[in-house]
Amino acid sequence: MVDDIEYGKWKLEAEIEKAVFIQPKLYAELLKNGSEVLKSKGLIKEERKKLNFGSYIEIMGKVKKGVDRIEIYRDIPSRQKFMTSLKNKEDTEKIVYLKKSLNLLSSQKRTMDYINNTSKPLIFIKNILEK
């Protein structure tokens, strides 16, 4: 099923040596060629640049210990979003302080098994009382 040329087959993008999947859109892959693929939707660029594969391993270690919330960063100065300033009739140069944490108690679209590093989609069963 993998062929770079034949129509309808998958293209092999990379060979992964190790991977850590923490939540949807938050994962890291260590490729066989030694490079890293790091995905972290929602983090600001400056903080995202500080992460490496080891950072994701550390986060996963906290998850496996049963921590409910993991702080990624706090008190990062930034300008308030332009449209937010306009809507609130505030100075467009207003400084706000950003924070980001992972809330592991929030519901996800998949059931995560952090011990075995797997996930399964949530299955919703239609209420049998409905007609």
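The values are calculated or read from the model by the stated rules, or taken from the named source; none is laboratory data. Since the model is a prediction, treat every value here as computed from it, not as a measurement. Note that we place each Cβ from the backbone using ideal geometry, even for glycine, and neighbour counts take in every protein chain shown. Only protein heavy atoms, including side chains, enter the accessible area calculation; ligands, DNA and RNA are left aside. Shrake-Rupley method; radii C 1.70, N 1.55, O 1.52, S 1.80 Å.
Results for (1) touching a Gly at 6+ places or on another chain (Cβ under 8 Å); (2) loosely packed, with under 12 Cβ neighbours inside 10 Å; (3) among the charged types (D, E, K, R), shown as yes or no for each residue.
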residue	(1), (2), (3)
62	no, no, yes
66	no, yes, no
69	no, yes, yes
72	no, no, no
81	no, no, yes
89	no, yes, yes
93	no, yes, yes
97	no, yes, no
100	yes, no, yes
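Evaluate the following for residue 4: is it within 30 Å of residue 123 (Cα to Cα), surrounded by fewer than 12 Cβ atoms within 10 Å (Cβ to Cβ) and of a type in the set (Asp, Glu)? Against the criterion (within 30 Å of residue 123 (Cα to Cα), surrounded by fewer than 12 Cβ atoms within 10 Å (Cβ to Cβ) and of a type in the set (Asp, Glu)), residue 4 does not qualify. Entry remark, the stretch 23-54: residues being in contact (Cβ under 8 Å) with a residue 12 or more places away in the chain and within 18 Å of residue 99 (Cβ to Cβ) number 10 in total. Residue 77 - would you say it is open to solvent by 50 Å² or more (accessible area, probe 1.4 Å) and in contact (Cβ under 8 Å) with a residue 60 or more places away in the chain? So residue 77 fails the test. Go over the candidates 30, 12, 38 one by one and state the one that is over 21 Å from residue 73 (Cα atoms) and open to solvent by 40 Å² or more (accessible area, probe 1.4 Å). None of the other options fit; the residue is 12.
Restricting attention to the stretch 110-124, which residues are closer than 13 Å to residue 22 by Cα, part of a loop (DSSP other than H, G, I, E, B) and not aliphatic (A, V, I, L, M)? Scanning the stretch 110-124 gives 114, 116, 117.
Taking the conditions exactly as written (under 30 Å from residue 123 (Cβ atoms) and open to solvent by less than 80 Å² (accessible area, probe 1.4 Å)), does residue 52 satisfy them or not? If you could, list the steps in order and put the result at the bottom.
On the way: under 30 Å from residue 123 (Cβ atoms): no; open to solvent by less than 80 Å² (accessible area, probe 1.4 Å): yes.
No, not satisfied.
Set side by side, the residues 59, 72 differ, and just one is within 22 Å of residue 115 (Cα to Cα) and at pLDDT 90 or above, which is 59. Within the stretch 15-27, the residues that satisfy the criterion of being closer than 11 Å to residue 60 by Cα and either β-branched (Val, Ile, Thr) or open to solvent by 100 Å² or more (accessible area, probe 1.4 Å) (or both) are 20, 22.
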